[in-house]
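In what follows, a single structure is set out as structure tokens and then discussed.
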């Protein structure tokens, strides 16, 4: 094979593999379009790919940025001539081999399901598809190794270190690590969160143990002791539980509450919020509504409330803690709570767990016995 043909083929192989690594790095920083939401994309990568492997919440944000930075650096360094055959190609083959071992383990333990995360959420791939892609890339690199003449290689080590550290630093600049939770940001509220407690002027309880053994509540108009009111409330309302959301909304475990998990730019979330507002406008006793927003496009919150038709108490939570609060769910997610008890949880934009106002409306009027609450 003539030198000119070898040179052209070698460049073609270098460009193909370099693009593979560069696209892989950029895709891990993209949600639906290239680099549209780096922090969201990299947080999703940490939550779905790194943490299941055992990376702690403290280590994952650093490891993800360093890993993607190395991917980007290798892609760029394949296009230069310093230590290309001696160092860059062997290290790239080693990295691909590690990925293959990891993917084989995934297939062996979980089967060929889900997105392997090699190209983030931008280009979903199954583990087997990614294994095939990596094997082909290794084959191309081995071919390239034997095509490149050793004498043309340069030995400026500073080019390698500069390219590596610049790539890693760019990741930390593009998607800075944020604290676990942001501060409480208050919107102008048109309502106050109140306890949904039935007030009774006078109550006397008595038990007919012979006939039913069920407590009977009699209401009188004369004044009675506070203990009697407490007994009445206990009969009407379920026992209090800790929902785990009081750090966001102190009154969330008091009475009937609707807690929403929304993303400001999510169309499904806006539709759900609009439906809740319509229900609330038709029922003066409708539960108080609070919202936890994902810290993604938070500047759209005023627009969100404008479309929803009302403003509610809200707090903004960072992406990974937000997903943990929802559990294995997707937005929009809506919870109906009563004294901290979870009555109903809707947690999908489609399917049987999709939020429907027509399901929430009858629930808020049911008694604790009908809802099978203690």
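Any read-out appearing in this document is the output of simple, stated calculations on the displayed coordinates, not a laboratory observation. Predicted model only: the values in this text are computed from it and were never measured. Cβ: placed from backbone, ideal geometry, glycine included. Neighbour counts: every protein chain shown.
Once the Cα-Cα distance is subtracted from the 0.36 nm per residue extended length, the residue 174 to residue 86 segment shows a gain of 28.6 nm. List the relative contact order of segment 5-54 as a percent without decimals, with contacts defined as Cα pairs under 8 Å and 6+ residues apart. Here the relative contact order equals 19 percent. Extension gain, residue 366 to residue 236: 0.36 nm times the residue separation minus the Cα-Cα distance gives 45.7 nm. The overall shape of segment 3-174 is prolate: from the C-alpha gyration tensor, with semi-axes ordered a ≥ b ≥ c, the ratio a/c is 1.5 or greater and a/b exceeds b/c. Scoring 247-259, 317-329 by mean Cβ neighbours within 10 Å over their residues and listing the highest first yields 247-259, 317-329. What shape does segment 250-364 have by the C-alpha gyration tensor, where a ≥ b ≥ c are the square roots of the eigenvalues, rounded means a/c under 1.5, and otherwise prolate means a/b greater than b/c and oblate the rest? Cα axes put segment 250-364 in the rounded bin.
The relative contact order of segment 3-174 comes to 32 percent, based on Cα pairs under 8 Å that sit 6 or more residues apart.
The modelled label-to-label distance between residue 267 and residue 153, using points 7 Å beyond Cα along the C-beta direction, is 5.3 nm. Sorting 143, 158 from the fewest to the most surrounding beta carbons within 10 angstrom yields 158, 143.
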